[in-house]
Amino acid sequence: MCLAIPACVEQLTADNRAIVNLSGVRKEISLVLVEDVAPGDYVIVHVGFALQKLDQQEAKRTLDMFADLATYNDTYSK
């Protein structure tokens, strides 16, 4: 199973790349598979590649679900 994570594009860099924010972690990724990305856009990231753009509401909803899962895991894994 693969997991792709929503990330906010913070900065465009050279050669079709960007710096994204993955829940506080900044990482450079490739934009070669996605067109018309701008700072502030959300993209789905998997193994260093943006796979598609994502609506801001959908990104927030997905990130909130990941946060809920982490809280649940922290609470019940002890």
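The values are calculated or read from the model by the stated rules, or taken from the named source; none is laboratory data. Computed from a predicted structure; not experimentally measured. Heads up, the Cβs are rebuilt from the backbone with ideal geometry, glycines too, and the neighbour counts pull from every protein chain shown.
From the list VAL34, VAL9, VAL47, which residue is more than 19 Å from MET65 (Cβ to Cβ), at pLDDT below 95 and β-branched (Val, Ile, Thr)? Quick ask: steps written out before the conclusion?
Details: VAL34 fails: at pLDDT below 95; VAL9 fails: at pLDDT below 95.
Testing whether each residue is more than 19 Å from MET65 (Cβ to Cβ), at pLDDT below 95 and β-branched (Val, Ile, Thr) leaves just VAL47.
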Quick one: ASP64 ticks every box in (1) assigned to a strand (DSSP E or B); (2) modelled with pLDDT under 90; (3) of a type in the set (Asp, Glu) bar one, so which box is it?
(1)
Find the residue count for the stretch 5-22, including only residues that are in contact with a Pro (Cβ under 9 Å, 6 or more places away or on another chain), under 23 Å from ARG61 (Cβ atoms) and in contact (Cβ under 8 Å) with a residue 24 or more places away in the chain.
4
Can you name the condition, by its number, that CYS2 falls short on among (1) free of Cβ contacts under 8 Å to residues at least 24 places away in the same chain; (2) farther than 18 Å from ASP55 by Cα; (3) loosely packed, with under 11 Cβ neighbours inside 10 Å?
(1)
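Could you list, in sequence order, the residues of the stretch 5-34 that are outside any strand (DSSP E or B) and either over 15 Å from LYS53 (Cα atoms) or aliphatic (A, V, I, L, M) (or both)?
At the first step, the residues of the stretch 5-34 found to be outside any strand (DSSP E or B) are 14-16, 23-24, 31-34.
ALA14, ASP15, SER23, GLY24, LEU31, VAL32, LEU33, VAL34 - these are the residues of the stretch 5-34 that are outside any strand (DSSP E or B) and either over 15 Å from LYS53 (Cα atoms) or aliphatic (A, V, I, L, M) (or both).
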Residues of the stretch 11-31 being of a type in the set (D, E, K, R) and surrounded by 15 or more Cβ atoms within 10 Å (Cβ to Cβ), in sequence order, are ARG17
